[in-house]
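What follows is a set of notes on a single structure, which appears directly below.
The values are calculated or read from the model by the stated rules, or taken from the named source; none is laboratory data. Not measured: the values here are computed from a predicted model. For neighbour counting, all protein chains shown are included, and Cβ atoms are generated from backbone atoms with ideal geometry for every residue, glycine included.
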């Protein structure tokens, strides 16, 4: 039986590096932000490479879902779906989430904001997906009858092997050291948006050591922080130790 992992993250997290780790296992296919084209087409937002993302992707969310629940590329035992929480727009049906095994990847919103504004000049609370992340977490918990694992990126980067071993144990699959290192460069599995967002990951060969951002979040973003911190703190209290 195929293990279909849905990893729910906000932007500017270690979600792409995590995708590299899973793809490098050898028994896992990966899918990069499958709802992104629908999200851009539906919201009309202007993201880097917007037209290219829409042209290359699927804008009908029902077809996206059919693909996510359909045959796994290469017949692999595991498929890792990298999802952005804000891409799961309110009008998208959610019954299909019952068919997936969910994991939530969180990061301190202060660090997210400091990273996000380097790639996009404007940002809102909705853009970084923290409030949506808690809403999806609660929905999935109710749908499946149990709370899914929560991984904090900062703590993960302090001990990637221990965290991955613990996560694999929770998912009832073997850990492999292949998850800790990978060849640098692009992948066929990367979304067409990779040139705009993946610079650091494309150069990487493994998880980098955690370096907390010391810079103060500009005052103009304090309203955003106030809107998202309560949701982050709820999820943080449930993080994997």
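Quick notes on this one:
- Helices (runs of 4 or more DSSP H) completely within the range 124-241 that count 1 or more residues being over 27 Å from residue 114 (Cβ atoms): 130-144, 160-170
- For the range 183-205, a tally of residues being surrounded by 15 or more Cβ atoms within 10 Å (Cβ to Cβ) and in contact with a strand residue (DSSP E or B) (Cβ under 7 Å, 6 or more places away or on another chain) returns 3.
- Exactly one residue out of 155, 111, 142, 161 is closer than 25 Å to residue 198 by Cβ and without any contact (Cβ under 8 Å) to a residue 40 or more places away in the chain: that is 161.
- Among the residues of the range 101-116, just one is assigned to a loop (DSSP other than H, G, I, E, B) and surrounded by fewer than 23 Cβ atoms within 10 Å (Cβ to Cβ), namely 108.
- Selection from the range 141-156 of residues that are under 18 Å from residue 211 (Cα atoms) and surrounded by fewer than 18 Cβ atoms within 10 Å (Cβ to Cβ): 154, 155
- Condition check for residue 42: in contact with a strand residue (DSSP E or B) (Cβ under 6 Å, 6 or more places away or on another chain), surrounded by 13 or more Cβ atoms within 10 Å (Cβ to Cβ), modelled with pLDDT of 95 or more and closer than 28 Å to residue 117 by Cβ: no
- If the condition is being closer than 17 Å to residue 49 by Cβ and over 18 Å from the mean Cα position of the chain (by Cα), then the range 189-206 contributes no residue at all.
- Among residues of the range 125-137 that are at negative phi and surrounded by 24 or more Cβ atoms within 10 Å (Cβ to Cβ), those with a Cβ under 6 angstrom from a residue that is assigned to a helix (DSSP H, G or I) and modelled with pLDDT of 95 or more, sequence gap 6+ or separate chain, pair up as 130/228; 130/231; 130/232; 133/85.
- With respect to (1) touching a residue at least 60 places away in the same chain (Cβ under 8 Å); (2) crowded, with 18+ Cβ neighbours inside 10 Å, the lone exception for residue 119 is condition (2).
- Looking across the range 3-34, the residues that are outside any strand (DSSP E or B) and out of contact with any helix residue (DSSP H, G or I) (no Cβ under 9 Å at 6 or more places or on another chain) come down to 23, 27.
- Which numbered condition residue 110 fails, given (1) at pLDDT 95 or above; (2) over 16 Å from the mean Cα position of the chain (by Cα): (1)
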